[in-house]
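The values are calculated or read from the model by the stated rules, or taken from the named source; none is laboratory data. Everything numeric here is computed off the predicted structure, so don't read it as measured data. Note that we place each Cβ from the backbone using ideal geometry, even for glycine, and neighbour counts take in every protein chain shown. Note: accessible area is taken over every heavy atom of the protein model, side chains too, but ligands, DNA and RNA are not part of it. Shrake-Rupley method; radii C 1.70, N 1.55, O 1.52, S 1.80 Å.
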Amino acid sequence: MNKAKISLIVPCYGVERYLDACMNSLVEQTLEDIEIILVDDVSPDRVPEMCDKWASKDYRIKVIHKKTNEGLGYARNSGLDIATGEYVAFIDSDDYVDNKMYEMLYNEAKTKRLDACWCNYRYDLGGKFAESREIKETFTKETADEVKKYMMDMIGPLPEYPSDVKYLVSAWRAIYSRQIIEENSIRFENERDNGSEDIPFNMDFLMHATRIGYIPFVGYNYRYNPLSLSRNYTHAKFTTYCHLFDEVKERFEHCLPENQYKLHYQRFIFYFFRNIIKYEAVKNINGKKYQNIRMRCNDKRMKAIYSDYPYHRLPLKQRVFFFCMKHSITMALYAMCILENKIRKNV
């Protein structure tokens, strides 16, 4: 086997139903010089034996059987520890990819000497598909300053941007230079501690990158899995998100003056609080929906934003939500959340 051009790291836990589809999409990649690292995170189903069976079929596949379940971020780290590829990529084992995805990303990265390259993706909603085309044209960021601007937009767009998300922060639709990762000792954090493994990783990487790119090719298929962590918000998770807010700000302070990142960081906080309030409203946690919503509205992080964030520049829906949060109009917030949830269910 030639030296791997990309190491594909696939953490596996509780995905017996999906793993074969994911693996079929990887072994059939048109880019053949890859290694596939399956990380069995002490999965309680048939996943461990399925991993070994796949390894017996294809010499490019390596398997790690972890002794302790530590979560997605640390499982990815186990893969990074043995990866040998020029680039690395991360695939969630309940998802699957287009068979040209990694050839497209690799060729773009090599041609333009990129440290990382992203592509577009689509949602698989039980056989119904919705493409998310964040970017319609290929672009390249060619300086460290441009890369940091991309990082700020990834964390949170400026107020007038029509969506809460400009560039999805998930690590699964990109390839990353392994040299940058290893030279700067970059690893994933435990999402159980801060609510996100992808955000700190991407910030750590982008702070050291100087050339990145994006292609509009729809390569990644994100499968809606109702059992995934992102679908299971609990009241206790709020504390982990507070840790995340602090970590993001700490990273910004390390590489940028406040006047550059402030509005991006504030939109990031507001976006998270909007989603938290939606969860609190729809799930009616502890049977205290109005009390929980009011508590989020009065959180010190939001209070710090109310005083100087130019919310009048927000799109109308977000502007109304912000106003209701600022004045703790909990019944209106609850009604908006329930209505949005019903609309999404009917789409």
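Observations on the structure shown:
- Scan of the stretch 315-336 for residues that are touching a residue at least 60 places away in the same chain (Cβ under 8 Å) and assigned to a loop (DSSP other than H, G, I, E, B), ordered by number: Pro315
- Number of residues in the stretch 48-71 that are touching a residue at least 40 places away in the same chain (Cβ under 8 Å), open to solvent by less than 70 Å² (accessible area, probe 1.4 Å) and under 27 Å from Lys5 (Cα atoms) equals 2.
- Subset of the stretch 150-177 (residues that are open to solvent by 30 Å² or more (accessible area, probe 1.4 Å) and among the polar types (S, T, N, Q)): Ser163
- Considering Arg187, Arg223, the condition of being at pLDDT 95 or above, open to solvent by 30 Å² or more (accessible area, probe 1.4 Å) and under 18 Å from the mean Cα position of the chain (by Cα) is satisfied by Arg187 alone.
- Some residue of the stretch 297-312 being out of contact with any strand residue (DSSP E or B) (no Cβ under 7 Å at 6 or more places or on another chain), open to solvent by 80 Å² or more (accessible area, probe 1.4 Å), part of a helix (DSSP H, G or I) and among the aliphatic types (A, V, I, L, M): no
- Only one of the listed residues (Tyr279, Tyr261) is within 27 Å of Arg319 (Cβ to Cβ), in contact (Cβ under 8 Å) with a residue 24 or more places away in the chain and open to solvent by 40 Å² or more (accessible area, probe 1.4 Å). That residue is Tyr279.
- Test result for Gln291, open to solvent by 50 Å² or more (accessible area, probe 1.4 Å), out of contact with any Leu (no Cβ under 9 Å at 6 or more places or on another chain) and either over 27 Å from Met151 (Cβ atoms) or of a type outside the set (Gly, Ala, Ser) (or both): yes
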